[in-house]
There are 2 protein chains.
Amino acid sequence: MLINGTPTQVIEAADRGLQYGDGLFETLAVVEGQPCLWKPHMNRLRSGCERMGIECPDESLLLRESLAEIDAEQHGILKIIVTRGAGQRGYRPPVPSKPNRILDCTPWPAHLDTRSDPGVEVRLCSLRLGRNPVLAGMKTLNRIEQVLARSEWSDDRIAEGLMFDTEGYLIEGTASNLFLFLRGRLVTPDLTNCGIAGIMRGLVMEQAEKLGIPLSIQNLRLADLKAADGLFLTNSLIGIRPVAKVGDWTYGLECMDTGLVKEVVSRGFGDEVH
Amino acid sequence: MLINGTPTQVIEAADRGLQYGDGLFETLAVVEGQPCLWKPHMNRLRSGCERMGIECPDESLLLRESLAEIDAEQHGILKIIVTRGAGQRGYRPPVPSKPNRILDCTPWPAHLDTRSDPGVEVRLCSLRLGRNPVLAGMKTLNRIEQVLARSEWSDDRIAEGLMFDTEGYLIEGTASNLFLFLRGRLVTPDLTNCGIAGIMRGLVMEQAEKLGIPLSIQNLRLADLKAADGLFLTNSLIGIRPVAKVGDWTYGLECMDTGLVKEVVSRGFGDEVH
């Protein structure tokens, strides 16, 4: 782990990341020693920092430190946390603040190697996501909803849990975004009110547009999930992961055989490196 | 600062309190070297831990460590943080977990000495609170909404900002609860969907009941705030703080001259010590 460029495992407990979850993070796949999709991750981090009023660390500094932290790790996961830094007591942000950057690269976990998996099984979470447009889309350090949703199951055969918001709209998985093939279109939930705007989600949307595949961002409900001809999850680590089962409902995997999915999967992660 | 009983300023960056805001905290006034309202603070902490599935540290251990951390500080603020501890990568909580306890006692800040203040000036925050009954009432480490609301003003004459939720209901201050004198009753916002159930709020409600003062917990809107005959803020540090102004609206302070307010103020903090 590198904190502000120094190898260490510890941080001041006065850091506002701990005190209030006052920060943001990015999780990147590392392939052949390189952080994947670097640019879009940095763009999201910078945009989140702007929305939160945190001074975003310089991208070239983060890249230099990332490569140092990745070191000899050929295949792994790089997590980059940026907090507002330490401050005096109370919610009021210090001005100026001294943001802290925490970089941690860990080996690729075996359970993520599912490219050969024909389709995973997922469940519906009972915990609902609160709605707040001011926070929606950002990958902040306020993640208790995801923690509680993920604690709803311990069966390792269940790869992910799908989450609805408090109004009953289908939003995302605990650690992934969601796409459905629905009535001839590719659709993904609207994230105006909650959810994290995933980098892989953005990449899939971009590719769909390039390939002329009709795509909608819309409000979705349980009935849409049931009516879907197929669905897949996305995130920066798993890429695209087809879903075979949601609880008792089964889904065909033929839809995965589209140009879009093939395109995104075949590109893998290597192309988008910085 | 004491972390798990050891004097230190640093904690593992792998702590889930930092990674996800996966924890809870309590802020206690320290008067004459004693933590005030110890029992109700511990009850809320225990209840929050239960709801979050975190094993709550033993109360007698926390008290022992609190007294050690308070040390010679006669008048101060004691913050107790309990996190789920460190874990492997990902939202899934480790089972069993090893919660961390972080105790920090700081001197009483001069700006909180406002007992002689006839009434403070507050403002309305534009940031809205998201609604989620699963998290409502708890003092979790997910506090970005409060941080962003508190960053809306820097004028030190403004003592607090009042917050509404995304549905337009008046909920609380950024770091306090709120009571109105409205149509002959004492009323405080319903916290079923969001907000923190403050210890001083609970004490005021308890006292009101004892004194036979009609009290309602209800949904309140901006119009109710405007219609109020008076209002006050509460938290464990300020006790009861009358409000003289909300933006351009002014409020009489005669309502403060009730048995309830006198009773709570006269009790001070000393009685409720463990």
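Any read-out appearing in this document is the output of simple, stated calculations on the displayed coordinates, not a laboratory observation. Predicted model, so just to flag it, every value in this text is computed and none were measured. Ideal geometry is used to build each Cβ from the backbone, glycine not excepted, and the neighbour counts take in all protein chains shown.
Relative to the longest principal axis of the Cα atoms of chain B, the long axis of helix B:38-52 makes an angle of roughly 70 degrees. Computed from Cα atoms, the angle from the helix A:59-70 axis to the main principal axis of chain A rounds to 80 degrees.
Put one equal scatterer on each alpha carbon of chain B, apply the Debye formula with no solvent term, and list log10 I(q)/I(0) at q = 0.07, 0.11, 0.15, 0.17 1/Å to two decimals. Computed log10 I(q)/I(0) values: -0.25, -0.64, -1.18, -1.45.
Amide H contacts under 5 Å for B:Val10: A:Ala13, restricted to partners 5 or more places along the chain or on a different chain, H placed in the peptide plane at 1.01 Å from N. Annotation: amide H-H contacts under 5 Å for B:Gly173 (H modelled 1.01 Å from N, sequence separation of 5 or more, or interchain): B:Met163, B:Leu178. Counting Cβ atoms of other protein chains within 10 Å of each residue's Cβ and taking the mean over peptide B:148-161 gives 2. For region A:1-69, averaging the sequence separation of C-alpha pairs within contact (under 8 Å, six or more residues apart) and dividing by the residue count gives a relative contact order of 27 percent. Here the dipole of region B:126-172 is about 180 debye; that uses its Cα centre as origin and unit charges on the Cβ of Lys and Arg (positive) and Asp and Glu (negative).
Other residues within the sphere of radius under 13 Å centred on the Cβ of A:Glu73, judged by their own Cβ, net out at -3 (K and R +1, D and E -1).
Electrostatic tally near A:Tyr169: other residues with Cβ closer than 13 Å to its Cβ, Lys and Arg +1, Asp and Glu -1, net -2. Computed about its Cα centre, the charge dipole of region A:120-267 is approximately 200 debye, with only Lys, Arg, Asp and Glu carrying charge at their Cβ.
Seen from a random direction on average, the alpha-carbon convex hull of region B:1-94 projects onto 6.0 square nanometres. Dipole magnitude for region B:1-132: computed about the Cα centre from +1 point charges on Lys and Arg Cβ and -1 point charges on Asp and Glu Cβ, it is near 780 debye. Which residue, chosen from B:Ala29, B:Pro93, B:Met42, occupies the Cα position most advanced towards the positive end of the dipole of region B:2-108, where the dipole is computed from +1 (Lys, Arg) and -1 (Asp, Glu) charges on Cβ about the Cα centre? So the residue we want is B:Pro93. For peptide B:7-16, the mean count of partner chain Cβ atoms within 10 Å of a residue's Cβ comes to 6.
Between B:Ser60 and A:Gln9, the C-beta separation translates, for a Förster distance of 35 Å, into a calculated FRET efficiency of about 0.70. Within chain A, the longest run free of exposed loop sites, counting trypsin sites (Lys or Arg not before Pro) that sit outside DSSP helix and strand states (H, G, I, E, B) and have at most 12 other Cβ atoms within 10 Å, spans A:1-114. The value of relative contact order for chain B, using C-alpha pairs under 8 Å at least six residues apart, is 20 percent. Where only DSSP H runs of four or more residues are counted, chain B gives -7000 deg cm²/dmol as its mean residue ellipticity at 222 nm, each run worth -39500 (n - 2.57).
Placing unit charges on each Cβ (+1 for Lys and Arg, -1 for Asp and Glu) gives the protein assembly as shown a dipole about its Cα centre, and among B:Gly247, B:Ser216, A:Gln207 the Cα reaching farthest toward its positive end belongs to B:Ser216.
For B:Leu211 and B:Glu50, a Förster radius of 41 Å and the Cβ-Cβ distance give a FRET efficiency of 0.85, rounded to the nearest 0.05. What the phi angles of region B:196-209 give under the Karplus curve with 6.51, -1.76 and 1.60, with θ = phi - 60°, is a coupling list of 10, 7, x, 5, 5, 4, x, 5, 5, 4, 4, 5, 4, 4 Hz, glycine and proline written as x. Unpaired Cys in chain A, meaning no second Cys C-beta under 4.7 Å: A:Cys36, A:Cys105, A:Cys125, A:Cys194, A:Cys255.
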